[in-house]
1. Are there any pairs, at least 6 apart or on different chains, whose C-beta atoms fall under 7 Å, with the first in the range 207-223 and assigned to a loop (DSSP other than H, G, I, E, B) and the second aliphatic (A, V, I, L, M), and if so, which?
2. What's the number of the condition Phe97 fails, among (1) modelled with pLDDT of 50 or more; (2) on the phi > 0 side of the Ramachandran plot?
3. Evaluate the following for Gly200: is it under 17 Å from Pro141 (Cα atoms) and either part of a loop (DSSP other than H, G, I, E, B) or basic (Lys, Arg) (or both)?
4. How many of the residues making up the range 113-133 are polar (S, T, N, Q), surrounded by 12 or more Cβ atoms within 10 Å (Cβ to Cβ) and closer than 15 Å to Gln90 by Cβ?
5. For the range 73-106, what are the residues that are in a loop (DSSP other than H, G, I, E, B) and crowded, with 17+ Cβ neighbours inside 10 Å?
6. Report the residue count in the range 133-157 for those that are closer than 11 Å to Leu181 by Cβ and touching a Pro at 6+ places or on another chain (Cβ under 9 Å).
7. In the range 125-171, which residues are over 24 Å from Gln100 (Cα atoms) and hydrophobic (A, V, I, L, M, F, W, C)?
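The values are calculated or read from the model by the stated rules, or taken from the named source; none is laboratory data. Just so it is clear, the structure is predicted and the values come from calculations on it, not from any experiment. Glycine also receives a Cβ, built like all others from the backbone with ideal geometry; neighbour counts cover every protein chain displayed.
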Amino acid sequence: MITRNTVFLAFSLFIIQSCVKNDEFAIDEDGNLIIVENDNNTSNQTDITTAPLDLLCDGLSSDSYLAFNLTSNLEYQMVDLNSGLLTTHQVVSTEQFNNQTYFKTTAVNDSNTTDKYYRQASNLNIYLYDTFFGQERLLIPGNPSVGETWTENYLIPITYEVVSLNATQTLANGCTYSDLLKIKVLLNTSFFGHFYYKKGIGLVCADGQNGQLTSYLTSVTAP
């Protein structure tokens, strides 16, 4: 049997190694396909912001849908409701791939440690660098519009669709998040779940096929 740690086929719609389970497949927060168990824009990467508000509920003073992963040293935690694992994420450095600079986020839980690499291009597209294939993948469009779709082909095609720009979620962390970017994920043509992104924060939660939450943001610590 192929385990989760065997191969990550990269969104990048981050948890965190939190995954939505589905028979032989799982997808993490970046839309990476897990077998269970090019845009040429360039931009010099700088911190999106360093001005904290109410970090957990309001996030940073940034228009980025992945602000927490583009801000050095900021630390946040997310819980995977399937496994119960609490994963701590922190931007620890920047690294270069193919002449592009990416923020390196290290995610640590009781099961494993993983590194992921993100950048925001000049057109505001947010990319995840896929170290397995040595290329970057679109995680979040810079100016998303309802109905917008894109597809990544791995062992099976994974399609992402923007279904809302103003979704709302009230979570057990005490926050009600509004104006969320809601992205639907399809494996082949089968519905898999949704990711919910908040400007100034990033991923705040995800749900699965039954509409029940599979992960959510629990805490944030400023640099």
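1. If the second residue must be aliphatic (A, V, I, L, M), the pairs left are Gly208/Val20; Ala222/Leu55; Ala222/Leu74; Pro223/Leu74.
2. (2)
3. Yes: the conditions hold for Gly200.
4. The number of residues fulfilling the criteria is 1.
5. Correct list: Leu74, Leu81, Ser83, Leu85.
6. Of the residues in the range 133-157, 1 are closer than 11 Å to Leu181 by Cβ and touching a Pro at 6+ places or on another chain (Cβ under 9 Å).
7. As a first pass, look at the range 125-171 and keep what is over 24 Å from Gln100 (Cα atoms): 145-149, 155-171.
Of everything in the range 125-171, those that are over 24 Å from Gln100 (Cα atoms) and hydrophobic (A, V, I, L, M, F, W, C) turn out to be Val146, Leu155, Ile156, Ile158, Val162, Val163, Leu165, Ala167, Leu171.
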